[in-house]
Structures are given as structure tokens and as C-alpha cells.
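Report on one structure; see the data block that follows.
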There are 2 protein chains.
Amino acid sequence: MTRALQLARQGLFSTHPNPRVGCVIVAACGEIVGEGWHVRAGEPHAEVHALRQAGERARGATAYVTLEPCSHHGRTPPCAEALVKAGVGRVVAAMQDPNPQVAGRGLERLRAAGIAVACGVLESEARELNVGFVKRMERGLPYVRVKLAMSLDGRTAMASGESQWITGPAARAAVQRLRARSSVIVTGADTVLFDNARLTVRADELGVEAEQAALAAARPPLRVLIDGQLRVPLTAAFFQAGPALVACCDDDGRAAEYQAAGHELQALPRGNGHVDLPLLLAGLAAGGANEVLVEAGPRLAGAFARKGLVDEYQIFMAPQLLGSSARPLLDWPLEHMAEAPQLAIREIRAVGNDWRIIAVPA
Amino acid sequence: MTRALQLARQGLFSTHPNPRVGCVIVAACGEIVGEGWHVRAGEPHAEVHALRQAGERARGATAYVTLEPCSHHGRTPPCAEALVKAGVGRVVAAMQDPNPQVAGRGLERLRAAGIAVACGVLESEARELNVGFVKRMERGLPYVRVKLAMSLDGRTAMASGESQWITGPAARAAVQRLRARSSVIVTGADTVLFDNARLTVRADELGVEAEQAALAAARPPLRVLIDGQLRVPLTAAFFQAGPALVACCDDDGRAAEYQAAGHELQALPRGNGHVDLPLLLAGLAAGGANEVLVEAGPRLAGAFARKGLVDEYQIFMAPQLLGSSARPLLDWPLEHMAEAPQLAIREIRAVGNDWRIIAVPA
């Protein structure tokens with residue numbers, strides 16, 4: 001199963017909106033006779049690749065899959081059927097399909113065909129790998145990561161707004177990988193206006209092997225700009241870098257103008273005078289978004305945090321002090337310690353000269 | 001030498017103002033025949049303990065010492081002489097005496113007596129162990145550590161001043177050990193007035209073995225209160241907890257009053273209307289202070305930082321957010337990124353549920 005998870009990870013940048021899935025087929029003698037992973041939507045699932053490689057040797061073998069084999073006809077025929085047809089003797093799945101309406105049916109189909117079935121092997125690793133797909137299936141919302149870059153004293157830019165990449169090349173490559181694995185990157189007007197940000201994936205800066213980089217380049221994440229008042233001009237580098245979705249409060253009749261420039265303008269009901277973020281996220285999930293990366297300034301990132309919409313913070317900390325008048329990590333004024341949100345730190349790791357802190361709400 | 005350094009560390013809490021020193025004597029056959037470490041000032045040096053244990057077996061043996069043996073008559077006779085007298089065949093020292101006026105003389109004395117001498121084995125570890133003693137000898141100043149406790153977003157207390165220990169018991173024990181190893185603990189009037197801080201070492205909270213705890217209890221660090229305007233009343237818990245030194249700008253003729261209460265009041269020339277910190281540190285070093293721990297609020301800690309007086313930050317980071325209106329890590333307003341002080345992060349380590357960051361000026 002560890003090998004199957006390793007294979008599944010090959011699809012980290014490309015399977016959207018599908019989950020990353022790997023499959024290993026092991027003959028009775030213990031030899032691996034087939035391996036496969038799901039590359040991209042519309043193409044064969046992991047099981048099909050592995051069964052093709054195994055051929056006749058799949059008969060009586062054990063198939064390890066990181067996700068319950070599908071039982072429905074989608075863009076490809078159901079994998080459960082393929083496994084039955086190939087005559088495998090046993091199927092071990094890391095986890096059930098997280099969609100509550102289908103969970104277990106693939107395994108049932110296998111059992112009905114007389115195949116021995118086990119489920120729950122390395123389940124937490126498997127859920128982690130598809131954390132966004134699992135959340136979307138279970139709750140109709142994407143998994144929201146907020147990326148922040150701060151100084152050791154928790155500041156993001158000078159009071160004047162003066163800012164620049166305070167973190168080094170290794171941290172930037174890590175951010176590129178975060179972008180590449182995301183279905184959607186969300187940013188705000190301030191970031192695009194003041195930092196001239198494009199929020200694209202630059203395949204050559206990912207620091208991964210050529211095959212992965214090519215897959216990432218072929219499946220760019222959707223870039224979403226939250227621009228309530230339509231302040232960002234269509235001439236901005238952000239818009240020049242490719243098609244984007246702009247979420248605003250009122251489209252001012254300008255939808256056609258954005259469309260002509262290759263972008264989509266979407267008006268969302270106001271929540272407190274701002275774009276309604278929960279509604280935006282639900283809409284993105286309905287469109288297949290598994291993982292959403294928020295790369296924005298303290299105001300927008302703070303708005304996500306205040307509304308409890310953040311599943312994970314990825315904070316890149318540079319070894320410097322920006323001082324007590326510099327801008328905060330998040331615009332989130334609190335009066336009493338009792339209100340202070342508790343987090344759990346999952347990991348702190350050196351990334352070049354910087355450090356990455358992964359924290360989740362406790 | 002690794003063993004000798006281990007022995008030297010036994011004196012971490014007690015050798016002030018002397019350095020921590022360990023000694024191991026190894027006979028020609030490879031057997032350890034004597035071990036010793038310096039316990040406290042006025043008592044025998046490490047070499048003497050080790051030679052006593054070795055007795056006749058020291059003859060022809062190799063002595064490993066973490067610091068060049070002394071060559072002068074202090075409160076105890078010179079160790080170089082004792083080694084010569086015992087007839088050791090070889091002396092390996094981790095480092096020379098850092099005092100430029102004596103460095104090398106102990107080793108010379110040994111060489112003159114026909115003993116083979118080597119120096120520089122595990123030198124960086126040896127210097128690290130006595131980082132304060134080395135700095136005092138070389139530069140006439142103590143090594144200044146600033147301890148800070150902050151939230152993940154770099155804040156120390158709410159805007160209202162509401163604060164409380166935001167870090168857990170493991171972090172508090174680590175702070176106790178920082179206090180116990182220090183010659184001096186420096187704090188400010190704000191911390192004593194608002195947090196009712198005593199800044200004492202509580203031996204039972206050190207989390208170390210009984211022998212070490214007893215040594216720590218027997219050698220409490222000097223507590224120094226920087227109170228320019230003499231705002232802290234003598235009834236404060238800080239003063240009730242034991243004798244202290246109070247540094248002020250003008251003693252207002254109140255020295256006798258402080259003395260009667262068991263404390264010392266010292267007026268220092270003003271630097272910008274505040275107590276002159278470099279002068280204070282030089283005075284502490286002249287009094288034998290090796291390591292100084294600053295435990296103060298953002299104002300005083302910020303003043304040390306702004307003046308470039310900080311050798312090391314020990315930042316305890318709690319996994320919570322205190323928000324954008326909370327108090328900063330250090331009062332240190334900066335306007336431009338070019339002024340931002342660069343640090344090097346030496347270590348980030350989990351301490352209970354909190355994380356300790358050790359950073360030094362880059």
C-alpha cells in the first residue's frame with residue numbers, strides 16, 4: 001500500500017477534479033506484476049493501468065488500491081468490474097469512496113463476485129493525500145489552505161505597504177508546488193494591484209522531475225480574483241497571464257467586457273459589503289475544486305480566518321524582524337485572550353534559510 | 001573529550017562566575033582512571049577532582065580538559081602545576097583560556113615540563129558551553145539572551161495589556177533552566193508591575209535531577225530591575241522574593257531605603273532619558289556576569305534589540321493567534337525593509353505543545 005500511495009502521489013498536480021489514486025497488483029508468489037496511477041480526468045483509472053500491465057498474471061493476485069474502486073460508469077467504465085473480469089483474488093483498499101452516496105458499493109460489488117476484500121490499510125495517509133477531494137465529497141466544500149509569508153516577528157510588509165519576497169528560493173519553490181497541487185488559487189485585489197502578482201504555476205520553478213513538471217504545466221489551477229469593487233484593470237499582469245474568474249459584489253454590467261478579454265465575471269451576493277466567501281467556496285466545490293490555495297494580503301486572508309473557513313495555514317517564516325509598525329500576519333483584531341484561536345502545529349521544517357510552519361485549527 | 005564536556009555540563013547552574021569545566025584522565029591502557037568537574041567558585045577545579053580520583057594511576061596518563069588548565073594562583077592553586085606534579089604524560093584541551101592576557105600560558109607551562117600538549121579538540125562545543133564566560137573574557141561584556149513568549153502571529157499580549165502565560169509547562173521549565181544557567185536576570189518595571197513577576201529560579205520546576213536542582217537553588221542568579229523612574233514599590237513580590245539590584249537614572253536619595261530592604265540601588269547616567277544599557281552590561285560583566293537573561297516586555301526587550309545588545313533570542317511560540325491589534329514581539333518601529341535586521345535561526349524544536357526558536361543576529 002505504501003508503494004500504491006507513492007504511485008498515487010505522481011498525480012498530485014494533474015488529477016483534478018479527480019482524486020489521486022495508485023494501484024499495485026501482487027501475485028501469490030509476492031511479485032509485483034502490475035502498477036498504475038491515475039494521471040488525469042478522462043483517462044484510465046489506476047486499476048486499469050495496473051491490470052493492463054499485469055495481464056494474465058492478475059488472475060488470483062491481490063490488488064492494493066489507495067481508494068475504493070469505482071462502481072459506476074463515468075467517463076471510464078467501473079474499475080470494480082475490471083477487477084472482477086481480470087480474476088483478482090483479493091482487493092485491499094486504503095479507504096472507502098468518501099462520497100456518502102456511493103461509499104462501499106465498489107467493495108460490495110467485489111465481494112458479490114467472491115473476491116476477498118479488506119479496507120482501511122494506511123487510511124489516514126490515503127485521506128491526507130486527497131484531503132480536498134474527501135472534504136468536497138463529504139461536505140460540499142473545498143479544503144482551504146492559506147499561504148502566508150512572514151518575518152520571525154509575524155509581519156508581512158512594512159506599514160507603508162513596502163514589501164517584497166522576504167523568503168528565499170526554496171520557499172518559493174514550495175509555494176509553487178502548493179499552487180500546482182491546488183484546484184484553485186484565490187487572491188485579492190490588493191495583492192494583484194500592489195504586488196503585481198500573477199499567481200501562475202511556473203513549471204520550471206517547481207523543483208520536481210520533468211514528468212511532474214509537464215503534468216503541472218498541462219493542468220494550471222483556476223485563478224480566482226476577489227475584487228468586490230472591480231478595482232483591478234484588465235491590463236494587469238494577472239489578467240495577461242491567462243483566463244481567470246473574477247468574483248465581485250455587483251458586475252456593473254461589465255461581464256461582457258471581462259468575457260471579451262477571456263475572463264469570467266461572477267457577481268455574488270454581498271456578505272457585510274464584501275464578496276460572500278462561504279458562497280464562493282461552495283460554488284468552487286460544485287465546480288469540482290478539491291484544494292483551494294488562498295494567497296492574499298492580511299485583509300483577505302484575515303477574512304477567511306475570521307469566518308472559520310481555513311483548514312490549514314502554511315506559513316513561510318523568514319529569519320528577520322520587520323518591526324512593530326509593520327503589517328500584521330492577518331487583519332484580525334481581537335480584544336480578549338479568551339477569543340484567541342487555538343491552532344495545532346503539524347510541522348515546522350527548514351526550507352532553505354526559511355522555515356515552513358503548517359498549522360491547523362485546534 | 002565528549003565525556004569531559006558532559007561532566008562540565010554538570011556545573012551549568014553553579015560555576016558562576018567561573019566557567020564550566022570537565023576533566024577526564026585516561027590511562028595508557030585506555031581505561032578512564034579519573035573524572036571531575038568544577039562545581040562552584042572557590043572549590044577545586046575539574047582537574048584536581050580528576051587527579052584525586054586517579055591517584056598514582058595519573059602517571060603517564062592523558063588528561064582531557066574542556067578548558068586550558070589555569071597557570072595562576074587564584075582561590076585555588078594552578079591546575080597546570082597539579083598536572084605536572086601528578087606526572088601526566090599528555091594533556092588535550094578543547095580550547096585555550098579565552099582571557100587574552102593568559103591564553104596559552106597554562107599550556108606553555110605544561111610543555112615546559114615535557115608534557116605533550118594538544119589543543120582545539122571539540123573546540124566549538126567547548127566555546128558554546130561557556131559562551132558567556134568567553135565573551136566576558138574577550139570583550140568585557142556578558143552574553144545577552146532575550147527570552148520572549150509569543151503567539152504564532154508574533155504577539156505577546158492583548159492591546160489592553162491583558163496577558164498570561166500563553167506557553168505550557170514544558171516551555172516554562174525550559175525558561176526556568178535558562179534562568180538557572182544565567183549569572184543575571186534583567187527585567188523591567190512594566191513586567192514587574194503588570195505581571196507581578198518575581199523572576200526567581202524555582203528548583204522544583206527545572207525538570208532536572210536532584211543534584212542539579214540543589215546546585216541551582218544554592219546559586220540563585222542576580223535579579224536586576226531596570227526601573228528608571230523608581231516606579232516599582234518595595235512591597236512588590238519581586239522585592240519580597242530576595243535581594244535585587246535596581247538600576248535607575250537618578251536615585252532620588254533613596255539608596256538607603258532600598259538598602260534597608262535588602263536591595264541595591266544603582267544610578268546610571270541616562271542614555272536618551274533611559275538607563276544606559278551598554279553601561280549596565282559592562283558593569284555586570286565587571287562584576288563577573290557571564291550570561292545575562294533579559295525577560296522583559298516589548299519595550300525593554302526592544303531597547304536591547306535596537307541597540308544591538310542581543311546575542312541570542314530564545315522565542316517560545318504558542319500555537320495560537322492573538323490577532324492584529326495585540327502587542328508586538330519587540331517595540332522596534334522600522335520604516336523600510338532595508339533596515340530589517342537579519343537573523344539566523346539556530347534551532348526550532350517542539351517544547352511540549354509550544355515551539356522554541358533560537359535565533360542569533362546574522
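The values are calculated or read from the model by the stated rules, or taken from the named source; none is laboratory data. All values reported here derive from a predicted model rather than from experimental measurement. No Cβ is skipped: glycine too gets one built from the backbone with ideal geometry, and neighbour counts run over all protein chains shown. SASA here: full protein model, heavy atoms, side chains in, ligands and nucleic acids out. Shrake-Rupley method; radii C 1.70, N 1.55, O 1.52, S 1.80 Å.
From the set of residues in segment A:298-318 that are of a type outside the set (A, V, I, L, M, F, W, C) and either free of Cβ contacts under 8 Å to residues at least 60 places away in the same chain or farther than 23 Å from A:Glu347 by Cα (or both), which is least open to solvent (accessible area, probe 1.4 Å)?
Looking at the filtered set, the residue picked out is A:Gly302.
Scan segment B:100-112 and give yes if some residue there is surrounded by fewer than 21 Cβ atoms within 10 Å (Cβ to Cβ), in the same structural domain as B:Arg59 (by the TED database) and touching a strand residue (DSSP E or B) at 6+ places or on another chain (Cβ under 8 Å), otherwise no.
yes
Residues of segment B:137-155 being farther than 18 Å from B:Ala303 by Cα and either free of Cβ contacts under 8 Å to residues at least 60 places away in the same chain or assigned to a loop (DSSP other than H, G, I, E, B) (or both), which ones?
B:Met137, B:Glu138, B:Arg139, B:Gly140, B:Leu152, B:Asp153
Among (1) without any contact (Cβ under 8 Å) to a residue 12 or more places away in the chain; (2) touching a helix residue (DSSP H, G or I) at 6+ places or on another chain (Cβ under 9 Å); (3) hydrophobic (A, V, I, L, M, F, W, C), which single condition is B:Ile348 missing?
(2)
Output the residue which, of all residues in segment B:214-256 that are at pLDDT below 95 and in contact with a His (Cβ under 9 Å, 6 or more places away or on another chain), is surrounded by the most Cβ atoms within 10 Å (Cβ to Cβ).
B:Cys249
Within the bounds of segment B:158-181, is there any residue that is touching a Gly at 6+ places or on another chain (Cβ under 8 Å), assigned to a strand (DSSP E or B), basic (Lys, Arg) and closer than 29 Å to A:Ser151 by Cβ?
No, there is no match, as no residue in segment B:158-181 is touching a Gly at 6+ places or on another chain (Cβ under 8 Å), assigned to a strand (DSSP E or B), basic (Lys, Arg) and closer than 29 Å to A:Ser151 by Cβ.
Determine which single condition A:Asp195 fails, assuming it passes every other condition in (1) open to solvent by 20 Å² or more (accessible area, probe 1.4 Å); (2) more than 14 Å from chain B (Cβ to nearest Cβ).
(2)
Which ones in segment A:308-335 are more than 7 Å from every other protein chain (Cβ to nearest Cβ) and within 20 Å of A:Val292 (Cα to Cα)?
A:Gly308, A:Leu309, A:Val310, A:Asp311, A:Glu312, A:Tyr313, A:Gln314, A:Ile315, A:Phe316
Would you confirm, using the coordinates I've provided, whether A:Leu193 is part of a helix (DSSP H, G or I) and in contact with a Cys (Cβ under 8 Å, 6 or more places away or on another chain)? Explain how you work it out, then say what you get.
Details: part of a helix (DSSP H, G or I): yes; in contact with a Cys (Cβ under 8 Å, 6 or more places away or on another chain): no.
No; evaluated as a whole, the condition is false for this residue.
Is it the case that A:Ala338 is without any contact (Cβ under 8 Å) to a residue 60 or more places away in the chain, touching a strand residue (DSSP E or B) at 6+ places or on another chain (Cβ under 8 Å), farther than 24 Å from A:Ala170 by Cβ and within 14 Å of another protein chain (Cβ to nearest Cβ)?
Against the criterion (without any contact (Cβ under 8 Å) to a residue 60 or more places away in the chain, touching a strand residue (DSSP E or B) at 6+ places or on another chain (Cβ under 8 Å), farther than 24 Å from A:Ala170 by Cβ and within 14 Å of another protein chain (Cβ to nearest Cβ)), A:Ala338 does not qualify.
Looking only at segment B:62-81, filter to residues that are in contact with a Leu (Cβ under 7 Å, 6 or more places away or on another chain) and at pLDDT 95 or above; which one of those is farthest from B:Gln6 (Cα to Cα)?
B:Glu68
Taking segment A:341-356 as the region of interest, how many residues are under 18 Å from A:Asp311 (Cβ atoms) and more than 7 Å from chain B (Cβ to nearest Cβ)?
The total comes to 3.
In segment B:138-149, how many residues are open to solvent by 20 Å² or more (accessible area, probe 1.4 Å) and within 14 Å of chain A (Cβ to nearest Cβ)?
1
Of all residues being buried (at least 22 other Cβ atoms within 10 Å of the Cβ) and small (Gly, Ala, Ser) in segment B:150-170, which is nearest to the other protein chains (Cβ to nearest Cβ)? Just the residue, please.
B:Gly154
Going by the structure shown, is B:Ala54 open to solvent by less than 10 Å² (accessible area, probe 1.4 Å), free of Cβ contacts under 8 Å to residues at least 60 places away in the same chain and assigned to a helix (DSSP H, G or I)?
Here the answer is yes, as B:Ala54 does meet what is asked.
State whether the residues of segment B:126-133 include one that is in contact with a Leu (Cβ under 8 Å, 6 or more places away or on another chain) and either closer than 13 Å to A:Asp153 by Cα or charged (D, E, K, R) (or both). It would help to see each step written out before you state the result.
Within segment B:126-133, the first condition is being in contact with a Leu (Cβ under 8 Å, 6 or more places away or on another chain), and the residues that meet it are B:126, B:129-130.
Those still in the list that are either closer than 13 Å to A:Asp153 by Cα or charged (D, E, K, R) (or both) too: none.
No: segment B:126-133 contains no residue that is in contact with a Leu (Cβ under 8 Å, 6 or more places away or on another chain) and either closer than 13 Å to A:Asp153 by Cα or charged (D, E, K, R) (or both).
So which residues in segment B:113-136 are open to solvent by 30 Å² or more (accessible area, probe 1.4 Å) and in a helix (DSSP H, G or I)?
Passing the criteria: B:Glu123, B:Ser124, B:Glu125, B:Arg127, B:Glu128, B:Arg136.
Which number in (1) in a loop (DSSP other than H, G, I, E, B); (2) free of Cβ contacts under 8 Å to residues at least 60 places away in the same chain; (3) surrounded by fewer than 24 Cβ atoms within 10 Å (Cβ to Cβ); (4) in contact with a Phe, Trp or Tyr (Cβ under 9 Å, 6 or more places away or on another chain) marks the one condition that B:Asn18 misses?
Result: B:Asn18 fails condition (2) only.
Restricting to segment B:287-296, name every residue that is within 19 Å of B:Leu329 (Cβ to Cβ) and surrounded by fewer than 24 Cβ atoms within 10 Å (Cβ to Cβ).
none
Which of the residues that make up segment A:218-266 are out of contact with any Leu (no Cβ under 8 Å at 6 or more places or on another chain), over 22 Å from A:Asn290 (Cβ atoms) and not aliphatic (A, V, I, L, M)?
A:Asp227, A:Gly228, A:Gln229, A:Pro233, A:Thr235, A:Phe239, A:Gln240, A:Asp250, A:Gly253, A:Gly262
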